[in-house]
Structure formats: C-alpha cells, structure tokens
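S.K.: Okay, handing you the structure first.
The values are calculated or read from the model by the stated rules, or taken from the named source; none is laboratory data. Just so it is clear, the structure is predicted and the values come from calculations on it, not from any experiment. Glycine gets a Cβ as well: all are built from the backbone with ideal geometry, and neighbour counts include every protein chain shown.
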Amino acid sequence: MVDGRVVDFQASGTVLGLQVSSRGYVSHVTSRVRRAKSALFTLYRFRDLDAGLKLHLVKALVLPVLTYPPIPLHALSRTAISKLQRVQNAALRFVVNHRWDDFVTMESLHESVDLPAINVRLHHMASQVWLRMQEEDWEQFLVLQELSDTAPDRSHGWFPRSLRALRDDPDPAPRYS
C-alpha cells in the first residue's frame, strides 16, 4: 500500500535506475552490459583518434554505464563482476588498439592506461558513498548501520549486503577477467 492505494505485486521493477527482480540484480547487470557494449560500439567510428582521447571517451560514455549504482554493484558475485569486467577489457583494447588475439595481459593494459579493475573501482566508489553518508550523519545510514550490526553475518546470495562486503574485504584484489 502506497499513499492509501493498493499496489499490485510485480516480479521486477526499477528503482533509481537499478533493475531489481525476485532473482536479484541479474537483469540489471545484463542490461548494463548491453548498454555499455552499445556505447562502445558507437565509439568505434573514432578508432583513429589518439589513445588519450579514446580513453577520455570511454571514461565518459562506457564506464559510467558499467558502474552505476556502485553500492549494490560492488557486492555482486564474481560472475556478475566478470561480465562487467569483460566490457571494460574490450573498451581498453579499443583504447590501445589491441586485438583480442594479441598476447597482452589485461593487467598490463589496465596499468598502461592507469585504470583499475572494475571490482576495485566499484569498491572504491561504494566506500566513498558510505563514508560520505557516515560523515554527514545521514539518518538512513544510521538505520542501515544498525541493521548491519544486529545481523552482521546474515546475507542473501541474490541481494548481497554492501556494508558487509566492505567490512569483509576492505582492499579487494583486482580481477581482470
């Protein structure tokens, strides 16, 4: 019931751009991968540009699609993160003009353009959001912190808890594949 009106049950919905279903965020990751690939495909017409300009375009048009919203995304499964990482890897290959069959490690590509792996980037973004909420004493943060403290080890596989993920892995190892 919302504002005195009965709201019918729906199997899925969107809240502030995050697609949520009864199975978690799988549909969100799938749609974000599709949108990021589409954005990357539109950049291929600029393949002859300088690498710095292409990196700027990728950071402006592809990475925001992959990393929004950071709070629920950073706590996703390895499989979901790897789907996002594959798109970022393709974007980096585009930036430095490497084909998929060139023998260059993804770690070296990330280092050459000074861009962290997507799991590290999401972790950093999420921790910055939580830190800002804590510093500004947002009431919602205090409620979520209390909820996390009352059941610190309770979690659901389809809906992972962000604060728990930050606590359990404060400095994640980069995963490039």
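S.K.: Considering only residues that are in contact with a Lys or Arg (Cβ under 9 Å, 6 or more places away or on another chain) and either surrounded by fewer than 10 Cβ atoms within 10 Å (Cβ to Cβ) or outside any helix (DSSP H, G or I) (or both), which ones fall in segment 152-173?
M.R.: Residues satisfying the conditions are 152, 153, 154, 155, 158, 161.
S.K.: Does residue 140 meet the test of being surrounded by fewer than 11 Cβ atoms within 10 Å (Cβ to Cβ) and part of a helix (DSSP H, G or I)?
M.R.: For residue 140, the condition - surrounded by fewer than 11 Cβ atoms within 10 Å (Cβ to Cβ) and part of a helix (DSSP H, G or I) - is met.
S.K.: Does residue 121 satisfy being assigned to a helix (DSSP H, G or I), charged (D, E, K, R) and in contact with a Ser or Thr (Cβ under 7 Å, 6 or more places away or on another chain)?
M.R.: When the stated conditions are applied, residue 121 passes them.
S.K.: Now for a separate question. Residues of segment 25-57 being of a type in the set (Gly, Ala, Ser), more than 14 Å from the chain's Cα centre (by Cα) and either modelled with pLDDT under 95 or under 18 Å from residue 109 (Cβ atoms) (or both), which ones?
M.R.: 51, 52
S.K.: If we keep just the residues of segment 40-73 that are of a type in the set (A, V, I, L, M) and in contact (Cβ under 8 Å) with a residue 40 or more places away in the chain, which is surrounded by the fewest Cβ atoms within 10 Å (Cβ to Cβ)?
M.R.: By that ranking, first place goes to 51.
S.K.: Taking the stated definitions as given, is residue 98 in contact with a helix residue (DSSP H, G or I) (Cβ under 8 Å, 6 or more places away or on another chain), part of a loop (DSSP other than H, G, I, E, B) and more than 17 Å from residue 36 (Cβ to Cβ)?
M.R.: Values: in contact with a helix residue (DSSP H, G or I) (Cβ under 8 Å, 6 or more places away or on another chain): yes; part of a loop (DSSP other than H, G, I, E, B): yes; more than 17 Å from residue 36 (Cβ to Cβ): yes.
Yes: the conditions hold for residue 98.
S.K.: Based on this model, can you work out whether residue 104 counts as over 25 Å from residue 171 (Cα atoms), over 16 Å from the mean Cα position of the chain (by Cα), at pLDDT below 95 and among the aliphatic types (A, V, I, L, M)?
M.R.: yes
S.K.: Anything in segment 116-137 that is over 24 Å from residue 86 (Cα atoms) and either hydrophobic (A, V, I, L, M, F, W, C) or crowded, with 17+ Cβ neighbours inside 10 Å (or both)? List them, or say none.
M.R.: 129, 130, 131, 133
S.K.: In contact with a helix residue (DSSP H, G or I) (Cβ under 9 Å, 6 or more places away or on another chain), more than 30 Å from residue 52 (Cα to Cα) and assigned to a loop (DSSP other than H, G, I, E, B): is that true of residue 116 in this structure?
M.R.: It is false that residue 116 is in contact with a helix residue (DSSP H, G or I) (Cβ under 9 Å, 6 or more places away or on another chain), more than 30 Å from residue 52 (Cα to Cα) and assigned to a loop (DSSP other than H, G, I, E, B).
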